[in-house]
Amino acid sequence: MSLPELPALGRRLCCAVITGWLLLSLAIPAGASIELRQADGSSLVIEQPAERIITLSPHLAELAFAAGAGDRLLATVEYSDYPESAARLPRIGDAFRFDLERILALRPDLVIAWGSGNPAAALARLEDLGLRVWRIEILSPDDIPRAISDMARSAGLGEPEAALRAKERLARLREGFSDRSAWSYFYQVSQQPLFTLNGSHLVSQGLALCGGRNVFAQEPVIAPQVSLESVLQADPDVLIAPTGAGFDNPLEHWRAWPVLTAVRQQNMLLLPADEISRATPRALNALLLACEQVGEMTMNKTKDSPS
């Protein structure tokens, strides 16, 4: 019987088996060496798939679980709270100060580090002590599925479903909003002092996929401090800020400035802080949420002159 002749349920089961076999066939043999790209463009070669892994940032622990390698994690750092299994892992410090002796005692065969976030001297010390340190840096939305795939590969696993889903979200961001007119926004990281993001940040790159234009895109540092006057002068179409349950609305203070187009048109968007602030598939979810909500807003592109 040919595949098209199978009942619908049979076809789905057959396809699932075939897909699972293909993914399994992509797994790296236990004895094969694996080349991993470092954040600086160099390569780290491990002689066999990692079985004892430590991650040095909350987003790296989350990515490891997304890659299917969560059961290889021995420990991680504070604030690694997603998924729930990550929250139960032993802690070896936080992303900026970690216990070298505790790490050595756990005998990891791979330490996954945050290229720009972990102290460079501490990472070099781990290498001096004989540990394999793999530095990862996520600079763009496309780096998220790539990091998931690479983490799976480091553990000798096949292409994870989470990487495929992340690519689908990126495609939706690119294609689903291709007809969207450009809109400007101010992204408020904190109110006092007033910090924002520049155009090179992952969030800014993601919002650009659905027409978003960061009014402070040209700032030379990735998280610049700006003045209230500069925001008023930029007059963005939308105000955006991350927040969490139990916190006051971080954008409420802008209501004192009805001269702003975003305030006048009530285009103030709150995003889940845990999702949008970590370079993981959940950040892509938050970006999709932002793009969809901006599309629902009634935005008059003609700036009204203040009376």
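General remarks:
- Lone unmet requirement of (1) β-branched (V, I, T); (2) in contact with a Lys or Arg (Cβ under 8 Å, 6 or more places away or on another chain); (3) at pLDDT below 95 for V263: (3)
- Answer from A217, A290, A223, A245 - the residue that is outside any strand (DSSP E or B) and surrounded by 21 or more Cβ atoms within 10 Å (Cβ to Cβ): A290
- Any hit, segment 235-242, residues being surrounded by fewer than 19 Cβ atoms within 10 Å (Cβ to Cβ), charged (D, E, K, R) and either under 15 Å from the mean Cα position of the chain (by Cα) or over 24 Å from L260 (Cβ atoms) (or both): no
- Sole exception among (1) within 13 Å of the chain's Cα centre (by Cα); (2) at positive phi for R107, by number: (1)
- Checked against the criterion of being surrounded by fewer than 12 Cβ atoms within 10 Å (Cβ to Cβ) and modelled with pLDDT of 95 or more, segment 14-35 has at least one qualifying residue.
- Scanning segment 248-287 for residues that are in contact (Cβ under 8 Å) with a residue 60 or more places away in the chain, over 25 Å from P145 (Cα atoms) and surrounded by 18 or more Cβ atoms within 10 Å (Cβ to Cβ) returns P250, L251, A262.
- Flag for I138 being surrounded by 20 or more Cβ atoms within 10 Å (Cβ to Cβ) and not in a helix (DSSP H, G or I): yes
- Pair list, Cβ < 7 Å and 6+ apart or interchain, from segment 58-81 residues that are in the same structural domain as A155 (by TED's automatic domain parsing) to residues that are in a loop (DSSP other than H, G, I, E, B) and among the basic types (K, R): P58/R278; H59/R278; E62/R278; R72/R52; L74/R52
- Verdict on R174 being farther than 23 Å from L271 by Cβ and either without any contact (Cβ under 8 Å) to a residue 60 or more places away in the chain or buried (at least 19 other Cβ atoms within 10 Å of the Cβ) (or both): no
- Taking each residue of segment 141-154 that is not assigned by TED's automatic domain parsing to the domain that holds R72 and looking for partners that are among the acidic types (D, E) and surrounded by fewer than 24 Cβ atoms within 10 Å (Cβ to Cβ) with beta-carbon atoms closer than 8 Å, six or more apart or interchain, yields nothing.
- A search for C-beta distances below 9 Å between a residue of segment 212-224 that is closer than 17 Å to P236 by Cα and any residue that is of a type in the set (K, R), counting only pairs 6+ apart in sequence or on different chains, returns G212/R180.
The values are calculated or read from the model by the stated rules, or taken from the named source; none is laboratory data. Keep in mind the model is a prediction, meaning the values are calculated, not measured. Don't worry about glycine lacking a Cβ; one is built from the backbone with ideal geometry, like all the others, and counts go over all protein chains shown.
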